[in-house]
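The values are calculated or read from the model by the stated rules, or taken from the named source; none is laboratory data. Just so we're clear, the structure is a prediction, and the values are computed from it rather than from any experiment. Reconstructed Cβ throughout: ideal geometry from the backbone, glycine too, with neighbour counts over all protein chains shown.
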Amino acid sequence: MKKTVSNKTDESKIPLVGADRVILNRVSFHLFGETEKKFSEQQWEEEVETEFKGACAYCGEEKPPFEKEHIIPINKNGLGLRHNGNIVPACKDCNIEKRKYDRNEDGEGYIRFCIECRKKGALARIRRHMRIKGYRPVIKDKITRKRIKKLIETANKKMALICEEYAKRIARIIIKKEMKK
């Protein structure tokens, strides 16, 4: 039986490509001239010690090992950017608990987490860290956030179509190679 690849594409069946992070990474570059720097293990430990006195940014307790936690998630909902000012040390318990607050679409889950969980001094520590590192959350007004999310959604759809086209081309090459055998 001869294998073929259809020229028709049902766009509703193509999984969306996660262009969110790629786009937000490039936004970071255009706004700050760089993206988050990779920390060596030693640099990370020094950062935690210097900036956070060896404690979790949220609960303030010394419960290592700490996870590198993005204050504002890097996705189409949070619109967080790849920047060192968006990374803080979080103990495992706080990191797991905070994820529940990040599901909201306003990028301010960290604020609700700090307030509702009564994390003493957490909000001040985090805002100080963001200020020192020169990081500012992208956009707070709902209309602009909505426009940005729409652009990311459109990019995801276009990227999915491009990926589908190249997947078909690759499949055709493989089929052609198999037929020669």
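Across the stretch 131-164, what is the total count of residues that are of a type in the set (Asp, Glu) and loosely packed, with under 11 Cβ neighbours inside 10 Å? Give the derivation first.
We begin by selecting, within the stretch 131-164, every residue of a type in the set (Asp, Glu); these are 141, 153, 164.
Next, only the ones that are loosely packed, with under 11 Cβ neighbours inside 10 Å stay: 141.
Total meeting the criteria: 1.
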Open item on the list: Whether any residue in the stretch 108-117 is in a loop (DSSP other than H, G, I, E, B) and closer than 30 Å to residue 153 by Cβ is what I want to check.
Closed with: yes
Open item on the list: Could you check the stretch 137-150 and list, in sequence order, the residues that are among the hydrophobic types (A, V, I, L, M, F, W, C) and in contact (Cβ under 8 Å) with a residue 12 or more places away in the chain?
Closed with: 138, 139, 148
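Residue-by-condition table, conditions (1) crowded, with 17+ Cβ neighbours inside 10 Å; (2) part of a loop (DSSP other than H, G, I, E, B):
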site: 29; (1), (2): no, no
site: 38; (1), (2): no, yes
site: 42; (1), (2): no, no
site: 45; (1), (2): no, no
site: 49; (1), (2): no, no
site: 58; (1), (2): yes, yes
site: 62; (1), (2): no, yes
site: 65; (1), (2): no, yes
site: 68; (1), (2): no, no
Task: Number of positions in the stretch 166-181 that are in contact (Cβ under 8 Å) with a residue 24 or more places away in the chain and not hydrophobic (A, V, I, L, M, F, W, C) - done: 3
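Report yes if residue 109 is within 19 Å of residue 20 (Cβ to Cβ), buried (at least 18 other Cβ atoms within 10 Å of the Cβ) and without any contact (Cβ under 8 Å) to a residue 40 or more places away in the chain, otherwise no.
So residue 109 passes the test.
Would you call residue 80 out of contact with any Lys or Arg (no Cβ under 6 Å at 6 or more places or on another chain), surrounded by 12 or more Cβ atoms within 10 Å (Cβ to Cβ) and free of Cβ contacts under 8 Å to residues at least 40 places away in the same chain?
no
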TODO: Examine the stretch 71-92 for a residue that is assigned to a helix (DSSP H, G or I), more than 25 Å from residue 19 (Cβ to Cβ) and more than 15 Å from the chain's Cα centre (by Cα), and state whether such a residue exists.
DONE: yes
- [ ] Take the stretch 118-136 and flag every residue that is touching a residue at least 24 places away in the same chain (Cβ under 8 Å) and either closer than 13 Å to residue 58 by Cβ or in contact with a Leu (Cβ under 8 Å, 6 or more places away or on another chain) (or both).
- [x] 119, 120, 121, 122, 125, 126, 129, 135
TODO: Residue by residue through the stretch 115-130, note down the ones that are within 11 Å of residue 71 (Cα to Cα) and either touching a Gly at 6+ places or on another chain (Cβ under 6 Å) or surrounded by 17 or more Cβ atoms within 10 Å (Cβ to Cβ) (or both).
DONE: 126, 129, 130
Task: Unique residue being at negative phi, modelled with pLDDT of 75 or more, in contact with a strand residue (DSSP E or B) (Cβ under 6 Å, 6 or more places away or on another chain) and not polar (S, T, N, Q) when the list is 19, 57 - done: 57
